[in-house]
């Protein structure tokens, strides 16, 4: 039965993307499980940072976590691991999902080239939103 729920969740996400609605829901079995899977919710503004937002949506749809467990001390190591072998490209940043500051980041993160302005703007925005949360806080990202 779990495969059926996964299939239904995938179909719902595909329908939302086709209809132009980019909001994704947590892909968990029930509401109680979903509520215990994170501490906070961050609504990422797709209209302000469309290319970074598209990357987050695609990476989550591909199976990467929609929850970021804040781990600022691990960010440098995660970034080194996730970007290993990915060359730089003039005018672009190598955007990572999950982000390097997330415990879920690092080796195996989804990497996409995103123009500087979109990626750095979104990084600053996310940093400002999360600055009051201590390491270990689990933040559910919803792109809308």
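The values are calculated or read from the model by the stated rules, or taken from the named source; none is laboratory data. Computed from a predicted model, the values in this text were never measured in an experiment. With ideal geometry, Cβ positions are generated from the backbone for all residues, glycine too; neighbour counts draw on all protein chains shown.
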Enumeration of residues in segment 102-122 that are assigned to a strand (DSSP E or B) and either surrounded by 18 or more Cβ atoms within 10 Å (Cβ to Cβ) or in contact with a helix residue (DSSP H, G or I) (Cβ under 8 Å, 6 or more places away or on another chain) (or both)
102, 110, 111, 112, 114, 115
Return the pairs, sorted by first residue and then second, in which the second residue is part of a loop (DSSP other than H, G, I, E, B), the first residue lies in segment 95-112 and is over 18 Å from residue 37 (Cβ atoms), the beta carbons are less than 7 Å apart, and the residues are 6+ apart or on different chains.
96/105; 96/109; 101/71; 109/98; 110/62; 110/64; 111/86
Within segment 67-89, identify whether any single residue is farther than 17 Å from residue 142 by Cα and assigned to a strand (DSSP E or B), and answer yes or no.
yes
Kindly list the number of the only condition in (1) farther than 19 Å from residue 56 by Cβ; (2) in a loop (DSSP other than H, G, I, E, B) that fails for residue 99.
(1)
Matching entry among 73, 66 (being surrounded by fewer than 18 Cβ atoms within 10 Å (Cβ to Cβ) and touching a residue at least 40 places away in the same chain (Cβ under 8 Å)):
73
Can you tell me which of (1) in contact with a helix residue (DSSP H, G or I) (Cβ under 9 Å, 6 or more places away or on another chain); (2) closer than 13 Å to residue 40 by Cβ; (3) surrounded by fewer than 17 Cβ atoms within 10 Å (Cβ to Cβ) is the one residue 144 doesn't meet?
(2)
Test result for residue 136, modelled with pLDDT of 95 or more, in contact with a helix residue (DSSP H, G or I) (Cβ under 7 Å, 6 or more places away or on another chain), within 16 Å of residue 42 (Cβ to Cβ) and not in a helix (DSSP H, G or I)
no
